[in-house]
Amino acid sequence: MIKFAVMTFMYAGWVNSENGSHEALIRILAESGADGMEAFCNPFMGNDKLLKLYQKELHANKLKMPVMDLIANLASADKKERAEAYDKIRMGIDICDALGAEIIHVAGCRLPEGVNPEDGRKLIAEGLIDFVDDAEKRGMILAFENFDPSPNLICSAADCLDILEKTKYRVKFVFDTGNFKAVGEHAGDCFESLFPHTCHFHFKDFESDDTPRGYRGTHFGQGMIKNREIAQAIRDSNYNGWVALESYPQNGNGPRETIPQELSILKSMFS
């Protein structure tokens, strides 16, 4: 059975505005038909009040927190920076555990000056392996995604498979349908090789523009990413797990204007 989550990091500004709140965001997700939410883990660090609020509101709205995104740069060889990343992961694992997460998605790895991509991937793999036992003992999966802000490090299918191999496949993969575009690849071409190691999916959409990058985020279902094709491949593979909507709110829209429509489109791709 496919279950649907909504990523919420893009609504941080709305949550902290006079028009929004954490409680309202959670209610909007529930009213839109989401089964769960996927939030950034880092804002909960050192904030027990926020943690307790989410525990209460998720329970009240019958939502789960199946996946949390933990930002920590494991590609650095600098001892101080690496120690800081390890501290974040330790705190993050505790937070994910407290909120009942099934998957800890470690993101944010960027290549520091003076480190080549191959060594960076080795450092990432070593860092993930250092925490996989703790995650497994708590019944959670440690995972990473094809991360487009670091296209020469951890975005192509080959580079992601390299990290998976270096962890002896104990760490799993979060398949982002859009991010392969940063390295000129298409999600459909990467599906077969990465699906056996995939524990979760991010669905997003892009449209062409005239920037050096050549594309930008757009309304889900109206862009160039062949998300319906990936949804069909997931269905054909008998996947039984979570998929998450990653929106790009347009024209200043907030969650009320974005989530119900885009989540409905994502669900329709699996119906």
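The values are calculated or read from the model by the stated rules, or taken from the named source; none is laboratory data. Nothing here was measured: the structure is a model prediction, and the numbers come from that model. Glycine gets a Cβ as well: all are built from the backbone with ideal geometry, and neighbour counts include every protein chain shown. The protein model used for the area step is the full one, side chains on, heavy atoms only, and it has no ligands, DNA or RNA in it. Shrake-Rupley method; radii C 1.70, N 1.55, O 1.52, S 1.80 Å.
Contact order, relative form, for the chain: 19 percent (alpha carbon pairs under 8 Å, 6 or more residues apart, mean separation divided by residue count). In this structure, residue 237 and residue 84 have a Cβ-Cβ separation that, at R0 = 30 Å, corresponds to a calculated FRET efficiency of about 0.20. When you filter the trypsin sites (Lys or Arg not before Pro) in region 122-169 for DSSP loop state and at most 10 other Cβ atoms inside 10 Å of their Cβ, you are left with 168.
Probe radius 1.4 Å, ligands and nucleic acids ignored: give me the carbon and sulfur share of the accessible area of the chain as a rounded percent. If you can, show how the numbers build up before the last one.
Values: 5830 of 12390 Å².
Of all accessible area on the chain, carbon and sulfur atoms account for 47 percent.
Only beta bridges with both residues in the chain are counted; by DSSP, about 10 percent of them are antiparallel. Under the combined filter of DSSP loop state and at most 13 neighbouring Cβ atoms within 10 Å, region 32-116 retains these GluC sites (Glu not before Pro): 113.
Protein heavy-atom accessible surface, 1.4 Å probe, per residue over region 1-66: 51 Å². Between residue 137 and residue 55, the FRET efficiency estimated from the beta carbon spacing at R0 = 25 angstrom works out to 0.70.
Once the chain from residue 264 to residue 192 is taken as fully extended at 0.36 nm per residue, the excess over their C-alpha distance is 23.3 nm.
Per residue, region 93-151 exposes 41 Å² of accessible surface when a 1.4 Å probe is rolled over the protein heavy atoms with every protein chain present.
Between their Cα atoms, which of 137/168; 88/204; 80/181; 79/181; 88/122 are more than 21 Å away from each other?
Values: 137/168 18 Å; 88/204 27 Å; 80/181 33 Å; 79/181 33 Å; 88/122 19 Å.
Pairs exceeding 21 Å: 88/204; 80/181; 79/181.
Could you order peptides 149-156, 69-76 by the average number of other Cβ atoms within 10 Å of their residues, highest first? The partial results should precede the final answer.
Details: 149-156: 19.6, 69-76: 23.5.
Top to bottom by mean Cβ count within 10 Å: 69-76, 149-156.
Of the trypsin sites (Lys or Arg not before Pro) found in region 1-96, those that fall in a DSSP loop while having at most 13 other beta-carbon atoms within 10 Å are 62.
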